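**Student:** Dumping the structure here so I can ask a few things about it.
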Amino acid sequence: MLEELCKRDKDWRRMAFHICKSKDIADDIVQDMYIKFSNYNKPINEYYIFFALKSIFLDYLRKEKTKVVSNLKQIASRVQSGSKRFSSSAEDTMDKKGKFKWDSVVDFNDL
């Protein structure tokens, strides 16, 4: 079964790219599709492969959304705990003249 799928690799990658609009992600979901169907013995049509690729991509999006939400919760807990790296109010980011304090900028690469 896997050998038959590999014969149309370019088609599957094109189909995956159509779903996600990213070459790297398309390559990843096609690889996941191969893993999913590696021990599959029933006949597979194009529609089923499209559905599988779409499902794998949606799983990828859910996983990425979970990472983003987790990071945002971490940042929010630091802000609420009064971490010195975050200002607790909008006034803390402004000087006496109402100008923005650049030292209050958060570098998200350090999180």
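Conditions tested, residue by residue: (1) modelled with pLDDT of 95 or more; (2) surrounded by 12 or more Cβ atoms within 10 Å (Cβ to Cβ).
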residue	(1), (2)
E4	no, no
K23	yes, no
K36	no, yes
P43	no, no
K54	yes, yes
E64	no, no
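**Student:** Sticking with this structure for a sec: Mind checking which pairs have a first residue in segment 33-55 that is of a type in the set (S, T, Y) and a second that is in a helix (DSSP H, G or I), Cβ under 6 Å, 6 or more apart or different chains?
**Tutor:** Close Cβ pairs satisfying both conditions: S38/L2.
**Student:** A further question follows. Considering only residues that are hydroxyl-bearing (S, T, Y) and within 18 Å of the chain's Cα centre (by Cα), which ones fall in segment 57-82?
**Tutor:** Answer for segment 57-82, where residues must be hydroxyl-bearing (S, T, Y) and within 18 Å of the chain's Cα centre (by Cα): Y60, T66, S70.
**Student:** Answer yes or no: is there a residue in segment 20-34 that is out of contact with any Leu (no Cβ under 7 Å at 6 or more places or on another chain), of a type in the set (F, W, Y) and at negative phi.
**Tutor:** Scanning segment 20-34, I find no residue that is out of contact with any Leu (no Cβ under 7 Å at 6 or more places or on another chain), of a type in the set (F, W, Y) and at negative phi, so the answer is no.
**Student:** Same structure, new question: Can you tell me which condition I56 does not meet? The list is (1) closer than 18 Å to M1 by Cα; (2) assigned to a helix (DSSP H, G or I); (3) not aromatic (F, W, Y), and all the others hold.
**Tutor:** (1)
The values are calculated or read from the model by the stated rules, or taken from the named source; none is laboratory data. If you're wondering where the values come from, they're calculated on a predicted model, not measured in any experiment. Cβ: placed from backbone, ideal geometry, glycine included. Neighbour counts: every protein chain shown.
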